[in-house]
Each structure stands twice: as structure tokens, then as C-alpha cells.
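The values are calculated or read from the model by the stated rules, or taken from the named source; none is laboratory data. Note that the structure is a prediction, hence the values are computed from the model and not measured. We place every Cβ from the backbone using ideal geometry, glycine too, and count neighbours over all the protein chains shown.
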């Protein structure tokens with residue numbers, strides 16, 4: 001299949017369960033790297049591509065940093081996240097997609113069977129997300145590409161960078177880390193962007209951008 005499998009799990013029980021599931025599959029078991037990784041200081045140093053499988057612990061802001069680091073250390077790698085079903089809605093999955101995750105499997109129902117299917121799908125070059133999440137991703141990407149709207153809003157270069165990350169569902173902390181600026185400075189730029197879009201909060205950001213697009217077309 002081209003990629004080896006590497007489990008990243010802080011919880012030893014989760015690591016053991018994932019290893020057992022993968023080991024039972026004749027094809028995937030032979031691709032499994034052991035042991036699972038528990039801490040950042042134990043990250044793989046070989047310049048080889050892997051399909052990294054994260055447990056639900058990493059559904060936090062550090063996930064963006066981790067995937068960025070692994071892409072540098074292991075070029076060509078892909079990423080699959082296991083998510084507690086009760087807390088991972090479409091909005092969270094969209095955030096993970098923008099964070100560089102290639103697929104999400106909710107730990108509910110027949111998730112073990114889906115896990116094996118998702119691994120094969122991602123290794124074949126596909127994303128593993130519900131269709132509504134992919135549709136929203138495409139819509140948001142189209143908004144990012146509309147440079148005319150950003151020009152007409154008179155956004156500064158920094159405000160444009162902040163807006164792009166806001167559309168990608170990045171938090172203020174994630175934006176600060178991505179741009180190398182303080183959270184206080186991020187809040188200042190976010191406030192300016194929302195003001196220029198004539199909207200009060202992030203929840204109405206996309207609606208405001210849609211309206212700006214329609215105004216441009218008119």
C-alpha cells in the first residue's frame with residue numbers, strides 16, 4: 001500500500017486496542033509499526049511516510065502542531081483521527097480537515113470495521129469525512145479564492161491572513177501560532193475583520209462573506 005501504520009496514543013489501553021484490531025488484519029498487520037508512540041519526544045525520526053492514527057486525546061489545539069511537525073519529519077505521511085462520537089460533530093471534523101487530518105472515525109457503533117475501511121480509503125488517496133463536511137470544505141475554499149471580495153473590503157495583508165485562518169476554523173491560539181504573533185494581536189485583527197464585514201461574531205462570518213460575494217457580483 002506504500003505507507004506503514006503508526007499509532008499515536010497517550011492512553012495505553014487505546015494503544016493496545018488499536019494494535020490488536022490492526023494486527024488481526026493480514027494485510028494491515030504487516031504494515032504496523034511497533035510500539036505505539038506515547039509522547040512528542042518519541043516521534044519518529046526516520047524520513048519515511050506513515051499513516052499516523054491518533055486517539056481522541058489529540059482532538060485539541062495541539063493536533064495542528066503535531067501534524068505540522070510530522071509532515072516535516074515524515075514527508076508524504078497521512079493522518080487519521082479517532083474521535084469520541086459525542087463530541088465530534090461536523091464543525092469539529094471540518095476543523096480537523098483544515099488542520100491537515102485526512103480522515104476521522106467516530107468511536108461508536110461498528111467503528112472497528114470502519115477503521116479498517118478508512119485506512120484503506122486514505123491509503124488509496126481519499127479523504128474520509130461525511131459528505132456534508134466535504135461540501136462545506138469546498139464552499140469555504142471557494143471563499144478563500146475570491147480575492148476580489150477581500151480587496152473590496154480593504155483588508156490589510158495581515159487581516160487577510162487572519163481571515164483565511166478564521167474561515168479554516170482556527171482558534172485565536174492556533175492563528176497566533178501559525179502567524180507567529182501574540183493572541184492579543186490576533187484578537188485585534190479579528191475584531192477589525194469582523195468590523196469590515198459588518199458582522200458581530202465568527203458564527204456569522206461565512207454568511208457575511210457570502211453577502212460580500214453577492215454584492216461584488218451585483
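Scan 211, 178 and give me the residue that is under 24 Å from the mean Cα position of the chain (by Cα) and at pLDDT below 80.
Numbers: 211 fails: under 24 Å from the mean Cα position of the chain (by Cα).
Among 211, 178, only 178 is under 24 Å from the mean Cα position of the chain (by Cα) and at pLDDT below 80.
Give the residue that is modelled with the lowest pLDDT, with candidates limited to residues of the range 154-168 that are surrounded by 19 or more Cβ atoms within 10 Å (Cβ to Cβ) and not in a helix (DSSP H, G or I).
Among those residues, the one meeting the criterion is 168.
For the range 207-217, name all the residues that are under 25 Å from residue 100 (Cα atoms) and surrounded by 17 or more Cβ atoms within 10 Å (Cβ to Cβ).
209
From 173, 187, 198, which residue is at pLDDT 75 or above, surrounded by fewer than 17 Cβ atoms within 10 Å (Cβ to Cβ) and under 18 Å from residue 99 (Cβ atoms)?
The unique qualifying residue is 173.
Out of all the residues in the range 82-105, which are modelled with pLDDT of 85 or more and farther than 16 Å from residue 134 by Cα?
82, 83
The rows are residues; the columns are (1) surrounded by 19 or more Cβ atoms within 10 Å (Cβ to Cβ); (2) in the same structural domain as residue 14 (by TED's automatic domain parsing); (3) assigned to a helix (DSSP H, G or I).
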{"site": "68", "(1), (2), (3)": "no, yes, yes"}
{"site": "79", "(1), (2), (3)": "yes, yes, no"}
{"site": "95", "(1), (2), (3)": "yes, yes, yes"}
{"site": "118", "(1), (2), (3)": "yes, yes, yes"}
